[in-house]
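All remarks here apply to the structure that follows.
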Amino acid sequence: MRRIGVLTSGGDAPGMNAAIRAVVRYAIYRNIEVLGIKKGYKGLIENDIKHMDLSSVADIIHRGGTILGTDRCEEFKTEEGFNKALDNIRYRDIDGIIVIGGDGSFQGARKLSLAGIPTIGIPGTIDNDLAYTEYTLGFNTALNTILDSISKIRDTSSSHERTNIIEVMGRNCGDLALYSGLAGGAEVVIIPEAPIDMDTICETIMRGKARGKKHSIIMLAEGSGNAYELKDAITNKFDVNIRCTVLGYIQRGGTPSAYDRLLGSRLGAKGAELLVGGTGNVVLGTKDNVIFNMDIDEALKIEKQFDYEAYELTKILSM
Ligand code: F6P
């Protein structure tokens, strides 16, 4: 292998820049040229590709987002778009590619590998919805950002003796809501993996009020509904002072945590090492904090296990 490419795809996640930096610097250390593909798969189709050197990745390890840009590219899923991408890969003499992204991005990586371009996936999404790995890049930072917001919302909720619904991202995965709920002391956690009825939600809030709690926090995963609709549904049942906060993109940006910088650096370097050695069609992950690689198809088949213990603990501890 002489020349590899790196791209970020799907929703950006803190730590992606640390991973790009590690791919570029590790490959250069092994005398391999690196091309940065802009805006995910779109850059492959549009030939928006640039040579990367040591200084292209200087001063980025502490930055959120992705310096390469990202996109959710529908055109890459079409035969025409995919063929344009392949033409540009050949035109640029790219021998292998590292894709940093989530499950949608890994489908693209799989397609490239099947077409003879060795491709390696690095899990990058705040959602933590890839079952084969313990953590995805960006999840830890997003969780800390959410916790910081919960603490601030608690202060004002407590002063006004209010209930606050905090809606967080995660698509169909409840991990951001569940673990921020446990670590943030939420009274109720509403996630797709554990549907909860309205009576239980109302009873929990009323019980807290009856024993003198000054506020209550409801963590709502976006995959389980909308904060404002939930507020209406609760206030239709009983008289309670509720406010809503939809955290939105605040939780996706920001400087990566130490954990995500370390994870990004380790995954990026391992990805480059494997690709340079000729390995393709795999994704990287961690188990017990050790990095491993796994066939893409096998990884995408694994179903996420619900952390029932964490869910139950949240309920017990917020009595
Ligand atoms: O996948 C990351 C994520 O932030 C999800 O949690 C969220 O549902 C989605 O992306 C939002 O996507 P967009 O950036 O297109 O609004």
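Laid out as a table, the results:
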read-out: Where the stretch 246-302 is the region considered: accessible area per residue in Å², 1.4 Å probe; value: 46
read-out: Reciprocal of mean inverse Cα separation for the chain (Kirkwood radius, Å); value: 20.5
read-out: MRE, 222 nm, helices only [DSSP H, n ≥ 4, -39500 (n - 2.57), over the chain, to nearest 500]; value: -13000 deg cm²/dmol
read-out: Subset of 39/287; 270/304; 39/77 violating a 27 Å alpha-carbon distance limit; value: 39/287
read-out: Helix axis angle, 103-114 relative to the chain longest principal axis, alpha carbon, degrees; value: 20
read-out: For the stretch 6-164, size of Cβ-based charge dipole, Lys and Arg +1, Asp and Glu -1, in debye; value: 220
read-out: Volume per residue of the C-alpha convex hull in the stretch 202-310, rounded to whole Å³; value: 186
read-out: √(5λ) per eigenvalue of the Cα gyration tensor, the stretch 72-154, largest first, Å; value: 34, 13, 11
read-out: Rounded tilt (10° steps) of 79-91 against the dominant C-alpha axis of the chain; value: 50
read-out: Rotationally averaged projected area of the stretch 116-255 (alpha carbon convex hull; nm²); value: 9.6
read-out: Normalised per residue, the volume of the convex hull around the Cα set of the stretch 127-168 (Å³); value: 66
read-out: Dimensionless Rg over Rh [the stretch 10-77; C-alpha; Kirkwood]; value: 0.98
read-out: Estimated dipole of the chain in Debye, rounded to 20 [Cβ of Lys and Arg +1, of Asp and Glu -1, Cα centre]; value: 840
read-out: Given the chain, longest segment not containing exposed loop chymotrypsin sites (Phe, Trp or Tyr not before Pro) (DSSP; at most 16 other Cβ within 10 Å); value: 1-237
read-out: Order of exposure, largest accessible area first, which applies to 318, 151, 55 with probe 1.4 Å; value: 55, 151, 318
read-out: D (Stokes-Einstein, µm²/s), Kirkwood Cα radius, the stretch 1-158, 1.306 mPa s at 10 °C; value: 98
read-out: Kirkwood Rh in Å, taken over all unlike Cα pairs in the stretch 212-268; value: 14.6
read-out: Where the stretch 162-232 is the region considered: accessible area per residue in Å², 1.4 Å probe; value: 40
read-out: Carbon and sulfur %, accessible surface of the stretch 96-185 computed with the full protein complex present, 1.4 Å; value: 44
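The values are calculated or read from the model by the stated rules, or taken from the named source; none is laboratory data. In this text, all values refer to a predicted model and were calculated from it rather than measured experimentally. Please note: Cβ atoms are built from the backbone with ideal geometry, for glycine as well, and neighbour counts cover all protein chains shown. SASA here: full protein model, heavy atoms, side chains in, ligands and nucleic acids out. Shrake-Rupley method; radii C 1.70, N 1.55, O 1.52, S 1.80 Å.
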